[in-house]
Every structure is written in structure tokens, then in C-alpha cells.
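We did not get these values from a lab; they are worked out from the coordinates using the rules stated. Just so we're clear, the structure is a prediction, and the values are computed from it rather than from any experiment. So basically every Cβ, Gly included, is an ideal-geometry build from the backbone, and we count neighbours across all protein chains shown.
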């Protein structure tokens, strides 16, 4: 009986792997056939995006495959369940014309030659499956920011360029008061020097799952704390909630950057990883098989604990 169970289990796994590979193959072919459609849209490079954000004091709301799936209310293996109001807000942000907030789209709009082989396959699938249905919502005459500013390392062949990107970030918040709005176990900058150039760092901790359900509380708390700071820059790492929050904060005159994964990518770059890894003590959604989603609730770091000014929706 045990042998029969293992036999069925093994064959189910093989069928699943085969199905996944056929899906990737199909959408990669579809992308190659339709890639000219994407190239009609203007998405700035990562350096251009960061330069404009710095010079014009802009905010940015980023859209990737996750945000497009949330717009369409599609279930996904993620930390945020589909929600009708979230879908509506993401749609409005995507189609907005707020001059204070850049809308970021994937670097893959300009092609996929810049990516690793894994990156090519992944982004071609995303573009053909998740981004293609969104094209009618986009403006061919608009210049979009680059959503990959917070993901400049793992998917790219040129690993050295990521160093320049993170140096641009450090200059962006150099001697400024940084307010980080993050999931309770994200812990941006803990254990590395990503925010060492900031004048100060403050944190609002939010639920690491389904944060959107507490959106109004998160927004109110962020406004309240940001208004206490002089020339603050708000860094939000909170999935699709960050996309909406950065946009809303820009309307309130506060510079806010939707930078999910920026700390994870920085850690991977510093370690020289070539594949996605779990990071001890930090929530890494994209490394579930390595325990990336299994993180202790408490952290023995006094500096980090002193930076926490508020908690929303968590004990």
C-alpha cells in the first residue's frame, strides 16, 4: 500500500512539473510572437527612473505580475488574498495621471535580453500571461517609471549594475528622515547598511498577510508619523497595499516609494547569490521551500526595536 501511495505521489509530481514546463513554453512562444506590442510603450531604465525620482522629488507605485493578478481578482500563492476594493484602487492608480507619482511598469517592456535565462523565461511568461490583458489600460503616449528599481539584481545578467542602483538609493535618502512602512517580519535594512546614510529611521509595522484589510489604519498612521518628521521619505514594502499607499501619500504631499523586495535583493547581492534564497530573520515570500515564510515573530535587535514607532493590526 505504501509503495502504491508513493508511486501515485511521484507521478502526480511529475505531471505537475510537466504541466508547469508546458505552461512556461506556451507563454514564452506567445511572448515572442507578440513582443512588438509591449515595445510600443515607453518605460524608463532603472537609472533614469531613480534620477527622475531624486531630481523631482517624486513618489512611485510599482506594478508587476502580482498587481495585475490582484486587479483581475485572480487567486495566487501570496500574502494577500483577492479583494474587490483593492482591485478597484489598483486599477485607478494604474490609470491615474498624478504628476507627483510615477507609475512603474516591468523592465521587460523593453525586451528580455538583459535578463538571465531564468529571468527571460519568467518575464516572458509574465508579460504574455499577466501583462498582455492590461495593455488596453495603459497609455502609449505616457512615459512610465521602471518597476524593477527594487529588483535590480537577481533576474539581471549584469550583476554589477545593481551596485550602482543601490548607491543611487543610498544617495536618495542620504541625511533624510526615513519612515519604513513594512510587514512585521520584513525588517528592511536590519543586518545591512542599506539605510546607514539616512539621518534617522522610523518604522510602522503592519500585518505580513492581508495588510489591505487594515489599509485605512495604515494610511492614517503613516500620515500621522510622517507629519512629525522634517522632509520625510516613506519606504513602503507591503505588497499591493504599498502600491496604493505610495500613490495616496503622494496626493498628501509626502514622497513615498513602493519598494517591496528592495532589502531582499540587496541581501542577495551582498551575498553573491545566483538563485533566490531564504534570509535568516526576514520574510522572503519567494523562497517558500527554504523556509523563507517561516520567520520568528520576535527579533533580538535593540536598534531595530527602538526604530518602531507604531504597530498596526499586530500585537
Ranked output for segments 173-186, 195-208 by mean other Cβ atoms within 10 Å, highest leading, reads 173-186, 195-208
Choice from 21, 151, 293 showing the highest fluctuation, given a GNM over the chain with Cα pairs closer than 10 Å: 21
Cut-off 10 angstrom, C-alpha nodes, Gaussian network model of the chain. Which of 245, 102, 58 fluctuates the most? 58
As a footprinting exposure proxy, order 51, 282 by other Cβ within 10 Å, with the fewest listed first. 51, 282
What percent do you get for the relative contact order of the chain when only Cα pairs under 8 Å and 6+ apart count? 21 percent
What percentage of all Cα-Cα pairs in region 127-213 are separated by more than 20 Å? 57 percent
Descending semi-axes in whole angstrom, ellipsoid equivalent of region 67-208, from the Cα gyration tensor: 27, 21, 17
DSSP-defined beta bridges in the chain - what % are antiparallel, rounded to 5: 5 percent
Quick check on the chain: helices-only [θ] at 222 nm, where DSSP H runs of length 4 and up contribute -39,500 (n - 2.57) each and the sum goes over total residues. Nearest 500, please. -13000 deg cm²/dmol
Relative contact order of region 128-274, please, whole-number percent, based on alpha carbon pairs below 8 angstrom and at least 6 residues apart. 26 percent
Where does region 55-143 land on Rg(C-alpha)/(2.2 N^0.38 Å)? 1.15
So for the chain, Kirkwood radius off the Cα pairs, Stokes-Einstein at 37 °C and 0.692 mPa s: how many µm² s⁻¹? 162 µm²/s
